[in-house]
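Asks: Below is the structure I would like to discuss, written out as structure tokens.
The values are calculated or read from the model by the stated rules, or taken from the named source; none is laboratory data. These figures come from a predicted structure and were not determined experimentally. Here the Cβ positions follow ideal geometry from the backbone for every residue, glycine too, while neighbour counts run over all protein chains shown.
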Amino acid sequence: MLSHKILPRLDEFVSQRFEMVCSEFVANLAAAGRLPVAFSRLGSWWDANEQVDVVAMEGSGPVLLGECKWSAQPVDFDVLNSLRRKAAYMGAPNTVRYALFSLSGFTTRLRAAAGEEGVSLFTPEEILHPMP
């Protein structure tokens, strides 16, 4: 049973829970005043074509969009570029902020660019042990 029913779907199950943890983390950062944006609603967004894992809304528009990756590979620009494409698809304003969450961290070049562009990057270690 374990090898036939549980293990094949374990990553899918854990990745869904990881998305929930990331959303809760964003809510906790906001409550502590540690986000560069304020929002009144937090959740996810999807339609028949696209999905965004973490969406913080203020008024009628998103102020923060996040993507959560439960993968053995470090996240690179393709994930950020995909999130930007989804933002355009949603009609998000140019001022929307981005946050990426990754089990396996981020490539060096993405970390460098994220710092310059104000993209927030979080690993499980940073989520579990946030800096004051």
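Asks: Run down Ala87, Ala56, Ala38 and say which single residue is at pLDDT below 95 and either over 13 Å from Ile127 (Cβ atoms) or among the β-branched types (Val, Ile, Thr) (or both). Quick ask: steps written out before the conclusion?
Replies: Working: Ala87 fails: at pLDDT below 95; Ala56 fails: at pLDDT below 95.
Result of the check over Ala87, Ala56, Ala38: Ala38.
Asks: Need a quick list: helices (runs of 4 or more DSSP H) entirely within segment 56-132 having at least 3 residues that are surrounded by fewer than 13 Cβ atoms within 10 Å (Cβ to Cβ).
Replies: Details: elements: 77-90, 108-117, 124-128.
Result: 77-90, 108-117.
Asks: Continuing with the same structure: Do you know which residues across segment 39-55 are among the small types (Gly, Ala, Ser), surrounded by fewer than 13 Cβ atoms within 10 Å (Cβ to Cβ) and not in a loop (DSSP other than H, G, I, E, B)?
Replies: In the first step, residues of segment 39-55 are kept if they are among the small types (Gly, Ala, Ser); the result is 40, 43-44, 48.
Subsequent filtering for residues that are surrounded by fewer than 13 Cβ atoms within 10 Å (Cβ to Cβ) retains 40, 43, 48.
Residue satisfying the conditions is Gly43 alone.
Asks: So which residues in segment 10-55 are hydrophobic (A, V, I, L, M, F, W, C) and in contact with a Gly (Cβ under 8 Å, 6 or more places away or on another chain)?
Replies: Taking segment 10-55 as the starting set, the residues that turn out to be hydrophobic (A, V, I, L, M, F, W, C) are 10, 13-14, 18, 20-22, 25-27, 29-32, 35, 37-39, 42, 45-46, 48, 52, 54-55.
Cys22, Val26, Val52, Val54, Val55 - these are the residues of segment 10-55 that are hydrophobic (A, V, I, L, M, F, W, C) and in contact with a Gly (Cβ under 8 Å, 6 or more places away or on another chain).
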